[in-house]
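Undergrad: One structure coming up, written as structure tokens, with questions to follow.
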Amino acid sequence: MDRFWGTFTRWLITPVCLFVLAAGLYFLMRLFRLRKDQATGIALISPWLLGFLGFTAFPILYSLYLSFTDFNLFGKENWVGLSNYIKLFTKDIEFWPSVRITLSYALLTLPIGIFGSLLVALLVNRELRGIKIYRTIFYLTAILPESAVAIIWRQLFNGESGLINFFLSLFGVNKIDWFGNPQYVLTAFVIISVWGIFGTNTIIFLAALKDVPKNLYEAAEIDGASSFSKLKYITIPQISSVILVQVIMSLIGSLQMFTVAQFLRPTTQAGLFMNQLVYTRGFTQLHMGEASAIAWVLFVIILVLTLVVFKSSPAWVHYEAEVKKAR
């Protein structure tokens with residue numbers, strides 16, 4: 001009972017403190033002669049600002065500081081400057097294989113995920129009997145926990161009794177040690193990525209397809225346009241902005257691969273994904289400075305690739321209200 005009242009008291013004190021913070025900030029803003037609506041807005045978002053500064057901004061900046069230190073979680077941070085980054089790029093035998101498998105996985109799975117999701121969305125966009133059931137089934141993949149999915153795939157790819165090797169044996173293919181042989185690790189993860197075709201991406205593309213004006217298709221049909229022409233000149237341009245968002249989100253997600261790889265535990269000879277290497281270096285080997293440096297290198301890779309996608313977007317993304325200047 002004492003534990004209950006202690007927890008209840010803390011839960012009661014927290015909103016009271018947040019209310020006092022918001023009220024105090026409101027009166028402070030009013031003292032600086034801000035308008036009432038401006039002061040109210042700042043006061044209302046103050047709990048979020050406090051959470052953002054405390055649980056997001058500070059950890060990000062602190063990890064950047066740690067990347068220049070030698071820190072093992074239990075002692076004091078020792079400033080080492082660029083030593084962690086120099087070691088990563090010149091002496092760390094795990095770093096470059098990690099970069100290679102992470103980038104290879106992202107670049108191989110990105111087109112599969114985007115084009116596959118778009119194809120499935122086009123298929124379930126038809127007004128057929130029972131199509132809502134299929135849409136629901138396809139979305140189920142988005143709500144299944146990644147850990148459970150990883151365990152299922154581990155059984156399917158089992159080198160001795162897995163179903164995938166069983167079906168391959170029907171065509172005379174010898175058993176493959178998917179996660180023990182470094183030559184097949186990346187192939188196995190690319191196959192697993194097909195699972196991501198269904199789910200959230202498909203639903204988002206389906207919503208975008210529903211937004212395409214029907215009169216465009218009707219006008220194209222009157223002009224005798226084929227199905228492929230309508231897809232190329234109407235559907236793709238109309239949903240290109242959604243494709244851009246999905247490309248960026250899928251790219252970031254694939255570069256941050258962790259849960260499935262952590263459960264499958266492939267041979268380290270193929271290289272660890274960068275997020276795995278961050279976890280291993282920081283929480284297993286207790287080299288938090290090196291782990292932070294790896295995390296920031298991953299951040300820079302994600303940032304650069306995202307900027308490349310944005311830079312290329314004017315060539316293939318169509319906006320309805322956009323007016324391009326004549327050259």
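The values are calculated or read from the model by the stated rules, or taken from the named source; none is laboratory data. As the structure is a prediction and not an experimental result, all values here were calculated from the model. Note that each Cβ is placed from the backbone with ideal geometry, even for glycine, and that neighbours are counted across all protein chains shown.
Undergrad: Counting only residues that are touching a residue at least 12 places away in the same chain (Cβ under 8 Å) and outside any helix (DSSP H, G or I), how many does the range 125-154 have?
TA: Result for the range 125-154: 1.
Undergrad: So which of Ile252, Ile248, Ile243, Ile191 is assigned to a helix (DSSP H, G or I), in the same structural domain as Tyr105 (by TED's automatic domain parsing) and either surrounded by 18 or more Cβ atoms within 10 Å (Cβ to Cβ) or in contact with a strand residue (DSSP E or B) (Cβ under 6 Å, 6 or more places away or on another chain) (or both)?
TA: Ile243
Undergrad: Give the residues of the range 174-192 that are farther than 15 Å from Pro97 by Cβ and of a type in the set (Val, Ile, Thr), sorted by residue number.
TA: Passing the criteria: Ile176, Thr187, Val190, Ile191, Ile192.
Undergrad: Going by the conditions given, is Ile302 at pLDDT 95 or above and more than 30 Å from Ser240 (Cβ to Cβ)?
TA: Details: at pLDDT 95 or above: yes; more than 30 Å from Ser240 (Cβ to Cβ): no.
Considered against the rule, which asks whether it is at pLDDT 95 or above and more than 30 Å from Ser240 (Cβ to Cβ), Ile302 comes out as no.
Undergrad: Still on this model: So, in the range 50-76, of the ones that are at pLDDT 90 or above and assigned to a loop (DSSP other than H, G, I, E, B), which residue ends up farthest from Ala293 (Cα to Cα)?
TA: It comes out as Phe71.
Undergrad: Pull up the range 1-50, narrow it to residues that are at negative phi and charged (D, E, K, R), then point me to the one that is surrounded by the most Cβ atoms within 10 Å (Cβ to Cβ).
TA: It comes out as Arg30.
Undergrad: Further question: Could you tell me whether Leu286 is modelled with pLDDT under 95 and either in contact with a Ser or Thr (Cβ under 6 Å, 6 or more places away or on another chain) or not assigned by TED's automatic domain parsing to the domain that holds Pro182 (or both)?
TA: Spelling it out, it is not the case that Leu286 is modelled with pLDDT under 95 and either in contact with a Ser or Thr (Cβ under 6 Å, 6 or more places away or on another chain) or not assigned by TED's automatic domain parsing to the domain that holds Pro182 (or both).
Undergrad: Okay, next question. Hey, can you tell me all the residues within the range 77-96 that are within 16 Å of Leu277 (Cα to Cα) and part of a loop (DSSP other than H, G, I, E, B)?
TA: Scanning the range 77-96 gives Lys91, Asp92, Ile93, Glu94.
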